[in-house]
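One structure is given here, and the rest of the page talks about it.
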Amino acid sequence: MFRKLAISSAALAAMTGAPALAQDIAVKLGVLNDRSGVYADLSGEGSVVAARMAVEDFKAADKGMSVEIISADHQNKPDIGSNIARQWYDVDGVNAILDVPTSSVALAVSDITTEKNGVLIDSGAGSTSLTREQCRPTTVHWTYDTAALATGTGAAMTNAGGKKWFFLTADYAFGHSLEENTARVVEENGGEVVGQVNVPFPATDFSSFLLQAQGSGADVIGLANAGGDTVNAIKQASEFGITQAGQKLAALLFFVTDVHALGAQTAQGLSLTEAFYWDQNDDTRAWSKRFMDAHGSQPTMVQAGVYSGTMAYLAAVEAVGSADDGKAVVAKMKEMEFQDPLFGTVTVRGDGRAIHDMYLFEVKSPDESTGEWDLYNQISSISGEDAFLPMLEECDFTKQ
Amino acid sequence: MFELLGIPPQVLLGQLLLGLINGSFYAVLSLGLAVIFGLLNIINFAHGALYMAGAFVAWMLLAYLGIGYWPALILAPLIVGVFGIVLERTMLSRLYHLDHLYGLLLTFGLALIIQGLFRNYYGISGLPYQIPDLLSGGHNLGFMFLPNYRAWVVAASVVVCFGTWFMIEKTRLGAYLRAATENPVLVGAFGVNVPLMIMLTYGFGVALAGFAGVLAAPIYSVNPTMGEQLIIVVFAVVVIGGMGSIMGAILTGYMLGIVEGLTRVFYPEGSAVVIFVIMAIVLMIKPEGLFGRPV
């Protein structure tokens, strides 16, 4: 409440132009994400809170920058997302769009952003296309992508002895891409894929598919799905004694809010890859406490990524001296190095891929866990160069 | 041993059993719908939301009051049933003299409101609910590992379904109910309180949805969207069985669960639509449904 008051009064002061500084930069940010559907908990209002915290921590007002944040719900539909993005750029004068989970929406918004010379700092989407086949000079992909998830979990579990994999794949673009990425990593590490089944999306009952996976004799069942689908699959795998019988589950995309929904009892022992966890160090704990006070739950890596991406964007705008030319701001971001309290050292590659460490976590058992949100043990960290796919030559926009 | 279309028999048996388990949920839910439609002529689109509410009430009883699964199995349906009675008294009862469509629209709106409220308060990720200790673990049947809890779901649903069928078709109370739907004025003239009976029937149908919700809570995460995904399938089940036919709803529920389970082995991609394909075929050949009375 107090913070909200502080932000709004700061914004008000900035808008009325009270601090008559030499440099007067107006920035308008639009947080575009899912505010009512399946990704609402992992992005949603929490991402808006994170963006506000970034503006506050950047001390934008002191630097003569007036930053305004607006937000909207794209309902995970590319047409709705595109319309909002167009309106934001054309009518509302938005300079940068933040978050945008759901790959199909993100790809559509990425195109419009280039056309309008805005900036897209994507935190929530997973598709590698954003910085590969469909790379754009105004897109920065901040938090994670399917390749990084596959590298983390796929390689770690294969090297730990899980040589034979069976995939339960959500039957749409995202699921197939995640399966493909992971299968490649598994094979590179000496494993093999013994089978897969395409599960209609969304699904509530996975028992039939799990039974098929069990019959395949695989060491690892790879869950190439997300959100509620993953939660149900894990819950039922435990119920059918699949994990107890020695087969391991690999949740390829799983957020801390999902683990929280599942409870440590059911999720224990699961390995997963994330870019951020609230309880990693003093900085992340301090930030997460503020986030918790403002939002009522711990931040996901997507929300942390919105914070961190916004900070970096504002720093670049300050360096350029204006937010009007999106291409120039992104080019500046690619020259800078960011010391981030949440992600550590972050650089942005020529293709717009933000490079930072990723981490492999294992879910704690209920005995180890000391609280509702005390969920992960960190197993290892993966350096940015290893985690993300190499850059495609044609996507290096800094050379142009 | 023999193989059927390249599928080993143990897998097939396992899938049959899983289909039966899913069918149990379809049966309890479509039974509630059929009772409500048969006796009130209301197409209760809020059924899925009330099923979800049943799961949430069970979760709340545990989280806020420390009341476990077994008492919740009785309490949650009662609470949902009472809520249903309030809905019936305050809203639905005003629509009986109107076309079906009004009831459908009202209950559809109610479903959206109920879901929206739960989503606002509890988020979309869902909440954990553990299987009760007594039923955790399972048995190896040779062809599959059967969790005790799933066996319990089948048993509980069979008892509830056939108990309800018996009550409506074979007892004096059921006879009153059936008579009241045929001719409420005449039955009222015999001194039977028809509005009270209708109110309790709606409450009972809704309580069945709440009961299915409690059964589902430990298997699926307690989630605001859990009813939304199920309700369309359950409507298809009711249509295939014959609108308003009690026995039709029960048998079709189990049957379609099994058909869906088998589709998951032979052609997984089709498992989400197989029930609707069957519905289309049944409607073409026998528009009143498999067990329905000819229109």
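Quick note: the coordinates plus some simple rules give every number you see, no bench work behind them. Because the structure is predicted, anything quoted here is derived from the model rather than measured. When we count neighbours, we look across all protein chains shown, and the Cβ atoms used for this are built from the backbone with ideal geometry, even at glycine.
Applying a 4.7 Å cutoff between beta carbons, the unpaired cysteines of the protein assembly as shown are B:Cys161.
The HN-Hα couplings worked out from phi for the range A:72-79 by the Karplus form 6.51 cos²θ - 1.76 cosθ + 1.60 (θ = phi - 60°) are 7, 9, 8, 6, 6, 10, x, 5 Hz, whole numbers, x standing for Gly and Pro. At R0 = 30 Å, how high is the FRET efficiency between B:Leu16 and B:Glu169 if r is their beta carbon distance? Nearest 0.05 is fine. Using R0 = 30 Å, I get an efficiency of 0.60.
Over the protein assembly as shown, all Cα pairs binned in 20 Å intervals from 0 give whole-percent P(r) values of 17, 45, 30, 7, 0, listed from short to long. For the range A:230-375, the number of Lys pairs with C-alpha atoms closer than 23 Å, counting only pairs eight or more positions apart or on separate chains, is 4. Helix screen, chain B: DSSP H segments with Cα axial length of 18 Å or more and mean Kyte-Doolittle hydropathy at least 1.0 are B:9-40, B:47-65, B:69-90, B:194-216, B:226-241, B:246-266. GNM on chain A, alpha-carbon springs under 10 angstrom: the most fluctuating residue among A:Glu115, A:Glu68, A:Glu372 is A:Glu372. 3J(HN,Hα) couplings calculated from phi for the range A:323-336 with the Karplus curve 6.51 cos²θ - 1.76 cosθ + 1.60 (θ = phi - 60°) are, in sequence order, 9, 6, 9, x, 4, 5, 5, 5, 4, 5, 4, 6, 8, 8 Hz; Gly and Pro show x. The mean number of Cβ atoms from other chains found within 10 Å of a Cβ in peptide A:260-270 is 3, as a whole number. Between B:Tyr202, B:Tyr51, B:Tyr69, the residue with the greatest mean-square fluctuation in the GNM of chain B (Cα pairs under 10 Å linked by springs) is B:Tyr69. Of the peptides A:128-136, A:186-194, A:281-289, B:245-253, the order by per-residue mean of other Cβ atoms within 10 Å, starting with the highest, comes out as B:245-253, A:128-136, A:186-194, A:281-289.
Put simply, the range A:103-195 fits an ellipsoid with semi-axes of 31, 13, 9 Å; these come from the alpha carbon gyration tensor as the roots of five times its eigenvalues, largest first. Electrostatic bookkeeping for B:Ile246 treats Lys and Arg as +1 and Asp and Glu as -1; over the other residues with beta carbon under 14 Å from its beta carbon, the sum is +2. Ignoring lysines fewer than eight residues from B:Lys286 along the same chain, the ones with Cα atoms less than 30 angstrom from its Cα are B:Lys170. Tilt of helix A:103-115 relative to the longest C-alpha principal axis of chain A, in degrees (0 to 90, nearest 10)? On a 0 to 90 degree scale, this one is about 30.
Relative to the longest principal axis of the Cα atoms of chain A, helix A:173-188 runs at roughly 60 degrees.
Magnitude of the charge dipole for the range B:181-295, about its Cα centre and with charges confined to Cβ atoms of Lys, Arg (+1) and Asp, Glu (-1), is about 120 debye.
Grab the Cα-Cα distance for A:Lys289 and A:Asp62, subtract it from 0.36 nm times how many residues apart they are, and report the gain in nm with one decimal. Show your work: numbers first, answer last.
Working: separation 227, 0.36 × 227 = 81.72 nm, distance 2.44 nm.
79.3 nm is the gain from fully extending A:Lys289 to A:Asp62.
Seen from all directions on average, the range A:269-345 presents a Cα convex hull projection of 6.5 nm². Modelled this way, with points 7 Å down the Cα-to-C-beta line, the labels at B:Ala151 and B:Met284 are 4.3 nm from one another.
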